[in-house]
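What follows is a set of notes on a single structure, which appears directly below.
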Amino acid sequence: MSRSQFITKTGVIAATVGSAVGLGNIWRFPYEAGVHGGGAFLIIYIACVFLIGLPVMLSEFVIGRSTHRNGVGAFAMLAPRSPMKITAYMGILASMMILSFYSVVAGWIMEYFYESLMALFAGDDAGHYAERFNQFVANPWRPAMWTVIFLLVNFMVLRRGIERGIERASNILMPILFAILLVFCANSLMMPKAAQGATFLFKPDFGQITPSVVIGAMGQAFFTLSLGLTGMLTYASYFSDGTRLVGNSVTIAVLDTLVALMAGLIIFPAVFTYGMQPEAGPKLVFEVLPSIFAQMPGGKAWSLAFFLLLFFASLTSTISMSEISIAFFVEEHKMSRNKATALNTGIVTVFGVLCALSFGVLADFKLFGMTLFNLFDYASSNILLPCGGIMLSLFAGWAIDRKILWQQLTNDGRLSARLVPYIRFAMRFIAPAAIFIVLVAGLL
Ligand code: PHE
């Protein structure tokens, strides 16, 4: 079977950065940082991105590009009888859990786009916006409707095989998003309590570093870089021999972190200026954003552009999540692409709707003390992805032939091999040990 490949360098970057940059940066990062005390969280998060995230990403790249297979197929090919395959099945499970609650939040974005269009945000005060959001998410059908609409859009893109088109479009749209975020940053930094917001985000209070902060920060690093669930592995299976794995991993991590930092610099000055609570959780940015738009000259146009671009950023992320199970169904179960896409969308629609109702009708339905939305969010990022990360890095560091690792990281000797021993050491020891320690400390 001939397999498609990313032809151009920008295609690779667009797809992988498109996967990484999304609601994780703009919605989840501020909410997690807010819940976990700001600066204390940020410093651990950045350490996790570079010490754990980079080695795990390179592990996924190496496994994916050396086999040109989906996760399950890649493990089967490299280590036929090894139980490590379970990593790839866990990844499929995690991808569906994430897609379920992620689509709910993407649906909220669509609602906010619609409300901006209808000029429903004008002239209220901050408290009022918060209340409006709470009413909206508690509605028995509206958030569920948007979730389904979002999943249908995702389905059409995947089914018609136009994800490359979307990625090419995002080559243009992502820089625009970046530019708009800069404008919003400048705007927020001129707010009366900007300094307080920036201090909250950047000044670490080491006394506040608890196991739950560390586990939250590590989970956020995995989530935002799309790691631990064989998503980057699947994308790397479409890389060509010329793709530079090490250079790309650094580009992705740096760009992704910059977007998250900008989101923090947009949200926290506003949180303090409008007297809101940084620890509001998943609702945080939705309660804060309308106040920001309302006070900006030309706020309506800004908010429309913002939500539209965020919608595209979400779509390039959900495309990559969906691709994990679609590639698996197609290659391992010989399903047609259409059928595989329909199966993925069907399963996720059921759980997505249940997650959408978690703030209203199903608010009291709790498992392990959490609503379904919170459980999927917590269990995937903080448990499944890190566990996947341990296995992927151990596998790349120990199980894969040393020569293959070297070939992959240096493009068969065409690139410098200076960093290879360090990368291998990080894959074998640093990343798995660090993840393990955080998991044990956080979960006990
Ligand atoms: N990294 C994406 C974001 O930050 C979310 C994602 C997670 C995408 C897992 C793919 C796989 O929005």
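The values are calculated or read from the model by the stated rules, or taken from the named source; none is laboratory data. The structure presented is a predicted model; accordingly, all values stated were derived computationally and were not measured. When we count neighbours, we look across all protein chains shown, and the Cβ atoms used for this are built from the backbone with ideal geometry, even at glycine.
Restrict the check to region 170-184 and report whether at least one residue is among the hydroxyl-bearing types (Ser, Thr, Tyr) and more than 27 Å from residue 348 (Cβ to Cβ).
Checked region 170-184: no residue is among the hydroxyl-bearing types (Ser, Thr, Tyr) and more than 27 Å from residue 348 (Cβ to Cβ).
Are there any pairs with C-beta distances below 6 angstrom linking a residue in region 205-226 that is in contact (Cβ under 8 Å) with a residue 40 or more places away in the chain to a residue that is part of a loop (DSSP other than H, G, I, E, B) and surrounded by 14 or more Cβ atoms within 10 Å (Cβ to Cβ), with the two at least 6 apart or on different chains, and if so which?
Pairs found: 208/37; 213/36; 216/36; 222/228.
Return the total of residues in region 300-327 being more than 14 Å from residue 27 (Cβ to Cβ) and within 15 Å of the ligand (Cβ to nearest atom).
Counting residues in region 300-327 that are more than 14 Å from residue 27 (Cβ to Cβ) and within 15 Å of the ligand (Cβ to nearest atom) gives 12.
Looking at 378, 422, which is the one that is exposed (fewer than 15 other Cβ atoms within 10 Å of the Cβ), among the aromatic types (Phe, Trp, Tyr) and within 28 Å of residue 84 (Cα to Cα)?
422
In region 215-256, which residue that is of a type in the set (D, E, K, R) and assigned to a loop (DSSP other than H, G, I, E, B) is nearest to the ligand (Cβ to nearest atom)?
Per the stated criteria, the residue is 244.
For (1) closer than 19 Å to residue 263 by Cα; (2) within 11 Å of the chain's Cα centre (by Cα), each residue gets a yes or a no:
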{"site": "190", "(1), (2)": "yes, no"}
{"site": "198", "(1), (2)": "yes, no"}
{"site": "205", "(1), (2)": "no, no"}
{"site": "222", "(1), (2)": "yes, yes"}
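Looking only at region 343-359, decide whether some residue is within 16 Å of the ligand (Cβ to nearest atom) and farther than 20 Å from residue 153 by Cα.
no
Within 22 Å of residue 20 (Cβ to Cβ), at pLDDT 90 or above and not polar (S, T, N, Q) - does that describe any residue in region 128-139?
Checked region 128-139: no residue is within 22 Å of residue 20 (Cβ to Cβ), at pLDDT 90 or above and not polar (S, T, N, Q).
Is there any pair with a first residue in region 79-101 that is over 15 Å from residue 389 (Cβ atoms) and a second that is of a type in the set (Ser, Thr, Tyr) and within 12 Å of the ligand (Cβ to nearest atom) whose Cβ atoms are under 7 Å apart and which are 6 or more apart or on different chains, and what are they?
92/325; 96/325; 97/380; 99/318; 99/322
Among the residues of region 173-185, is any farther than 17 Å from residue 358 by Cα and touching a Gly at 6+ places or on another chain (Cβ under 8 Å)?
Checked region 173-185: at least one residue is farther than 17 Å from residue 358 by Cα and touching a Gly at 6+ places or on another chain (Cβ under 8 Å).
Those residues that are under 26 Å from residue 216 (Cα atoms) and away from the ligand (no atom under 16 Å from the Cβ), I need them from region 276-299; list them, please.
276, 277, 278, 279, 280, 281, 283, 287, 288, 289
Going by what's in this entry, would residue 438 be described as of a type in the set (Val, Ile, Thr) and surrounded by 14 or more Cβ atoms within 10 Å (Cβ to Cβ)?
In short, yes.
Any residue that is modelled with pLDDT under 95 and either small (Gly, Ala, Ser) or part of a loop (DSSP other than H, G, I, E, B) (or both) - is there at least one of those in region 142-159?
no
List pairs: first in region 238-264 and touching a residue at least 60 places away in the same chain (Cβ under 8 Å) and surrounded by 22 or more Cβ atoms within 10 Å (Cβ to Cβ), second of a type in the set (Val, Ile, Thr) and not in a helix (DSSP H, G or I), Cβ under 7 Å, 6+ apart or cross-chain?
256/21; 259/21
Given the criteria over 24 Å from residue 317 (Cβ atoms) and hydrophobic (A, V, I, L, M, F, W, C), does residue 108 qualify?
Here the answer is no, as residue 108 does not meet what is asked.
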